[in-house]
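The values are calculated or read from the model by the stated rules, or taken from the named source; none is laboratory data. The structure displayed is predicted, hence computed values, not measured ones. Virtual Cβ from ideal backbone geometry, glycine too; neighbours counted across all protein chains shown.
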Amino acid sequence: MYKFLNRDTFTEFIDDTMATEFISLDAETSSLDTLSCKFYLFQVMVNKQVYIFNAEEEGQELFTKIIDFIQSSGKTIIAHNAKFDLKVIYRFSNILLTNVFDTMIVEAVVNNGNRVKWASLAELAEAYALVLLSKEERQEFYAEDFDGVITNEMYTYACQDVMYLETIRNCQMERAEELKLTRVIDLEMKLVPVITSMEITGVLIDEKKWRQLEIIAREESEKCKNTLIDFFIEKVRIGDADSALEVVDTVKIKDINGKKNATGRVSVRKALELITDKDAIIDFFRTNLNVNSGSQLLVLLNRSGIPVKATNEKVLKKYRSKHVAVDMLLTYREWGKKISTYGLTFLESVHPKTGRIHSDFNQMGTQSGRFSSSKPNLQNIPAEKAYRECFIARKGYKIVAIDYSQQEYRLAGDISKDAVIIESYKNKVDMHTSTACILYNLKPEEVVKEQRNHAKTMNFAILYGTSDYGLAKTLGVTENEANAMKMKIINGYPRLFKHKEMMEEFVVNAKKSRTLLGRIRFFKTEDVYFDYEKAMAQIRREGYNHLIQGTAADMTKLAMLYVYNENPYGDKLRMLMPEHDEIVAEVKEDILDEGYGFICDMMIKAGDFFMKNIETVVEGTKGDCWTK
DNA sequence: CCAAATGGCGCC
DNA sequence: AAAGGGCGCCATTTGG
């Protein structure tokens, strides 16, 4: 069934490879951490023959020869979640394979909107090749008690991981051609090695600075929390025993973890009943109230005369100036977020071997075609200077960060061919100023900051279909006023909104939306059995958003491809992170200016590929750290 | 007891 | 009653 790939069979392997169009491959390792895992097996199917390379027995030299040959053969490499295999192969051969077909990514592209989560190899094998793959045997490589001795059974099961890739690929491409998705797939596939290389590169963080921020956050958070609890204690009159007990009955304070007594826990009420001293009662609440608990907060706020039904920022904002506690709570939450998400746990992502953070960038992580980022998420780092500053360049390098100026608004204007928007951008007037002009009957130079900010909110809301109700809430005006302002803007950009309306109509009928590159997002309408109108309204919003946000994603992805493929500076210029409309890179000092200009050029080239009526504008920074 | 859901909030 | 698109992560709560 399979042959071992070694010195004796290498020529045979070469012959089989030359006789076929595709190379299906997979790697077995001791863990998912490609920077520190052991490398056990490399399975490869060529010309219907599976070869297995035992890495520990055959060694790195032969492996490098094999990979070098595969790379130079120019054949298409098929893998499921290719990023993983590419990283393993790179680590043990120093060759980053290109010309990849990733069945996992392609599945996400051809079924975007139909899928619930990632399709596993087993699921695809079942769907396309009608075979059932067993799972347990593959887990053996990860097992704690695996002693490195690979059994015949394990070899046999390892074959399954490459045997059906070609069939899966062929079925997917058939579907891709029917759906006219080949251009999107071409872009996504060319991007796979680009993302892989970015993940291998990682990004450097100033840990010392980061820790300092955590300390500050801790101190500030503690202060807020104390003030907050004191406020509640006073307002809710916890001081006297009766109201204290009443509070305990309504506020769902968690039972106290006991120290190995019979139940393991102590009822809060019972514990409190034993306390009569006023100061002790107050102290009891100080230690047992949890202001991180939404349900406790809700009761406490309500009893303090703040009649909210939720405790989120949007709801609380109204009371911010009226009640000190509300302001304090929101501030407390800000600090809390910094401790939990952006605190010391974040630094656990620094890899011990490289000293850098190697996030996962998922190129099909969103329904719109945008990237997502995880472990850690590098796409939601606080925008404030103190945090961005912690992202630094390696010695001799600088950080370059360039973003598209008003990427989505320009696209919306360009796609709809709205004359007002086109004219505005031609005159270097941005969309928010332009909207402010419409709203307040002004000339661009007369618009003041506050008016522009107002317009900005409106633009964002209207482009993505906020209801009058939502808009009124955001702006703090009545629904009628909100509607009047909305109509004024709609009339100010007649073509934009006519086009939007048209696209939404199309999406609802076609049950799918397409970006300029052709990227599809499917919508389900058949399982809508209640509130049909609401469901359709949602599809309209998501569909139009897909057109704009998705085309923007196409643009950024194309730009990244240009940067990678046309990079004349080699390792002196490396991309680090995709930030939706921004590319962050590490550039060696001696080519800093040229490198910066080069990335700008590539981004503009990608922008101009999509936009024919409106100029692509990029802006950015270069320096020791990441800045806006 | 742990896994999934929920509420909340960081970013573009 | 809810009422703007796209995410991921955290702490708490819920449910099996």
Only one of (1) assigned to a helix (DSSP H, G or I); (2) more than 16 Å from DNA strand B (Cβ to nearest atom); (3) surrounded by fewer than 17 Cβ atoms within 10 Å (Cβ to Cβ); (4) free of Cβ contacts under 8 Å to residues at least 24 places away in the same chain fails for A:Lys428. Which number is that?
(1)
Looking only at the stretch A:331-358, how many residues end up being among the small types (Gly, Ala, Ser) and away from DNA strand B (no atom under 13 Å from the Cβ)?
2
Among residues of the stretch A:31-75 being within 28 Å of the chain's Cα centre (by Cα) and not charged (D, E, K, R), the residue surrounded by the fewest Cβ atoms within 10 Å (Cβ to Cβ) is A:Leu32
Please determine, by comparing only the residues of the stretch A:443-496 that are aromatic (Phe, Trp, Tyr) and surrounded by 14 or more Cβ atoms within 10 Å (Cβ to Cβ), which one is farthest from DNA strand C (Cβ to nearest atom).
A:Tyr493
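Against the definition (crowded, with 17+ Cβ neighbours inside 10 Å, small (Gly, Ala, Ser), within 8 Å of DNA strand C (Cβ to nearest atom) and closer than 30 Å to A:Phe101 by Cα), how does A:Ser368 come out, yes or no? Give the steps one after another, and end with the answer.
Numbers: crowded, with 17+ Cβ neighbours inside 10 Å: yes; small (Gly, Ala, Ser): yes; within 8 Å of DNA strand C (Cβ to nearest atom): yes; closer than 30 Å to A:Phe101 by Cα: yes.
In short, yes.
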Residue match in the stretch A:378-388 (condition: surrounded by fewer than 18 Cβ atoms within 10 Å (Cβ to Cβ), closer than 25 Å to A:Leu204 by Cβ and away from DNA strand B (no atom under 12 Å from the Cβ)):
no
Elements of type strands (runs of 3 or more DSSP E) contained in the stretch A:554-628, each with 1 or more residues being modelled with pLDDT of 95 or more and surrounded by fewer than 20 Cβ atoms within 10 Å (Cβ to Cβ):
A:582-588, A:618-623
Just to be sure I understand the filter: pairs with C-beta atoms under 6 Å, separated by 6 or more residues or on different chains, first member in the stretch A:10-36 and at positive phi, second member in a loop (DSSP other than H, G, I, E, B) and among the aromatic types (Phe, Trp, Tyr). Which pairs pass?
none
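Filtering the stretch A:390-409 down to residues that are under 23 Å from the mean Cα position of the chain (by Cα) and charged (D, E, K, R), which residue is farthest from A:Lys588 (Cα to Cα)? Outline the logic, then answer.
Here is the first cut: in the stretch A:390-409, the ones under 23 Å from the mean Cα position of the chain (by Cα) are A:390-393, A:399-409.
With the extra rule that they be charged (D, E, K, R), the set shrinks to A:403, A:408.
Values: A:Asp403: 20, A:Glu408: 31 Å.
Ranking the candidates gives A:Glu408 first.
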Scanning the stretch A:463-477 for residues that are in contact with a helix residue (DSSP H, G or I) (Cβ under 8 Å, 6 or more places away or on another chain), within 23 Å of A:Glu504 (Cβ to Cβ) and away from DNA strand B (no atom under 16 Å from the Cβ) gives A:Asp468, A:Tyr469, A:Leu471, A:Ala472
Between a residue in the stretch A:557-585 that is farther than 19 Å from A:Tyr397 by Cα and any residue that is assigned to a helix (DSSP H, G or I) and within 16 Å of DNA strand B (Cβ to nearest atom), which pairs come within a Cβ distance under 7 Å, given they are 6 or more apart or on different chains?
A:Leu558/A:Ala606; A:Ala559/A:Met603; A:Ala559/A:Ala606; A:Tyr562/A:Ala606; A:His580/A:Thr556; A:Asp581/A:Gln407; A:Asp581/A:Ala552; A:Asp581/A:Thr556
Considering only residues that are part of a loop (DSSP other than H, G, I, E, B), at pLDDT below 80 and away from DNA strand C (no atom under 16 Å from the Cβ), look in the stretch A:224-260 and name the one that is farthest from A:Asp277 (Cα to Cα).
A:Lys260
Working only within the stretch A:365-421, note down all residues that are in a loop (DSSP other than H, G, I, E, B) and of a type in the set (D, E, K, R).
A:Arg370, A:Lys375, A:Glu384, A:Glu389, A:Arg394, A:Lys395, A:Lys417, A:Asp418
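Any idea which of A:Ile150, A:Ile215, A:Ile233 is more than 30 Å from A:Tyr564 (Cα to Cα) and surrounded by fewer than 14 Cβ atoms within 10 Å (Cβ to Cβ)?
Details: A:Ile150 fails: surrounded by fewer than 14 Cβ atoms within 10 Å (Cβ to Cβ); A:Ile233 fails: surrounded by fewer than 14 Cβ atoms within 10 Å (Cβ to Cβ).
Among A:Ile150, A:Ile215, A:Ile233, only A:Ile215 is more than 30 Å from A:Tyr564 (Cα to Cα) and surrounded by fewer than 14 Cβ atoms within 10 Å (Cβ to Cβ).
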So A:Asp26 clears everything in (1) under 19 Å from A:Met154 (Cβ atoms); (2) of a type in the set (Asp, Glu); (3) out of contact with any strand residue (DSSP E or B) (no Cβ under 8 Å at 6 or more places or on another chain); (4) not in a helix (DSSP H, G or I) except one condition, right? Which one?
(3)
Scan the stretch A:577-628 for residues that are over 16 Å from A:Asn567 (Cβ atoms) and of a type in the set (Phe, Trp, Tyr) and report the count.
3
Is it the case that the stretch A:326-347 has a residue that's in contact (Cβ under 8 Å) with a residue 12 or more places away in the chain and at positive phi?
no
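So, in the stretch A:504-553, of the ones that are part of a helix (DSSP H, G or I) and aromatic (Phe, Trp, Tyr), which residue ends up surrounded by the most Cβ atoms within 10 Å (Cβ to Cβ)?
Quick first cut of the stretch A:504-553, residues part of a helix (DSSP H, G or I) only: A:504-510, A:532-553.
Filter once more, so that each one left must be aromatic (Phe, Trp, Tyr): A:506, A:532, A:544.
Details: A:Phe506: 17, A:Tyr532: 10, A:Tyr544: 23.
Among those that are part of a helix (DSSP H, G or I) and aromatic (Phe, Trp, Tyr), it is A:Tyr544.
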May I ask you to verify whether A:Asp16 is at pLDDT 95 or above and either under 35 Å from the mean Cα position of the chain (by Cα) or surrounded by fewer than 13 Cβ atoms within 10 Å (Cβ to Cβ) (or both)?
no
Residues in the stretch A:316-339 that are part of a helix (DSSP H, G or I) and more than 10 Å from DNA strand C (Cβ to nearest atom): how many?
15
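Go over the candidates A:Val291, A:Val299 one by one and state the one that is within 16 Å of DNA strand C (Cβ to nearest atom), part of a helix (DSSP H, G or I) and surrounded by 15 or more Cβ atoms within 10 Å (Cβ to Cβ).
On the way: A:Val291 fails: part of a helix (DSSP H, G or I).
A:Val299 is the lone residue from the list that is within 16 Å of DNA strand C (Cβ to nearest atom), part of a helix (DSSP H, G or I) and surrounded by 15 or more Cβ atoms within 10 Å (Cβ to Cβ).
With the requirement that a residue be in contact (Cβ under 8 Å) with a residue 12 or more places away in the chain and either part of a helix (DSSP H, G or I) or more than 10 Å from DNA strand C (Cβ to nearest atom) (or both), what does the stretch A:302-315 give you?
Within the stretch A:302-315, the first condition is being in contact (Cβ under 8 Å) with a residue 12 or more places away in the chain, and the residues that meet it are A:303-306, A:310-311, A:313-314.
Once the filter is applied, which keeps residues that are in contact (Cβ under 8 Å) with a residue 12 or more places away in the chain and either part of a helix (DSSP H, G or I) or more than 10 Å from DNA strand C (Cβ to nearest atom) (or both), the stretch A:302-315 yields A:Arg303, A:Ser304, A:Gly305, A:Ile306, A:Thr311, A:Glu313, A:Lys314.
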